[in-house]
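Working notes for the structure below.
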Amino acid sequence: VNLGVAVASRDYVAADTIMAMIMGYDPSDIGYLYYANSEGLGVGDVSKINVVGENIANIMRAFAPHRETEAALQWKQCEWYP
C-alpha cells in the first residue's frame with residue numbers, strides 16, 4: 001500500500017514504532033518492538049519520539065490484520081512476559 005510517506009530514523013525501534021502506529025497497530029503487540037524497547041535497544045515510547053512533518057493522525061490507515069494474528073500474539077502468554 002502506497003501511503004505516500006517516508007519514515008526514517010537512526011533508531012529502527014522508533015521508526016518501526018511510528019510505522020506500526022500509522023498502520024493502525026499497537027506497537028507493544030509487536031514482539032520485537034516490545035523487547036527491543038524493553039532492552040533499551042531503541043525508543044518505543046511514542047511520547048519520546050520526535051516526529052517531524054505530517055501529523056500521524058492525518059495519515060493513519062488501519063491495515064487488516066494477518067489471519068494468524070491471534071496465534072502470533074501468543075508470545076504474550078509466556079511465563080517470562082511481564
Quiz item: Taking the Cα centre of the chain as origin and charging only Cβ (+1 Lys, Arg; -1 Asp, Glu), how large is the dipole, in debye to the nearest 20?
Solution: 200 debye
Self-check item: Reciprocal of mean inverse Cα separation for the chain (Kirkwood radius, Å)
Solution: 13.7 Å
Self-check item: Relative contact order (%) - criterion: Cα under 8 Å, at least six apart; region: the chain
Solution: 30 percent
Quiz item: Any idea what angle helix 12-22 forms with the longest principal axis of the chain, computed on alpha-carbon atoms, 0 to 90 degrees, nearest 10?
Solution: 80 degrees
Exercise. Give the carbon-plus-sulfur fraction of the accessible surface of the chain in %, rounded to a whole number; probe 1.4 Å, heavy atoms of protein chains only.
Key: 52 percent
Quiz item: Which one of 3, 65, 25 has its Cα pushed farthest toward the positive end of the charge dipole of the chain, where Lys and Arg give +1 and Asp and Glu give -1 at the Cβ?
Solution: 3
Exercise. Express the accessible area of the range 29-82 per residue in Å², computed with a 1.4 Å probe while the remaining protein chains stay in the model.
Key: 80 Å²
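The values are calculated or read from the model by the stated rules, or taken from the named source; none is laboratory data. The shown structure was predicted, so the numbers you read here are calculated from the model rather than taken from an experiment. So basically every Cβ, Gly included, is an ideal-geometry build from the backbone, and we count neighbours across all protein chains shown. Quick note on the areas: whole protein, heavy atoms, side chains included, nothing else; ligands and nucleic acids left out. Shrake-Rupley method; radii C 1.70, N 1.55, O 1.52, S 1.80 Å.
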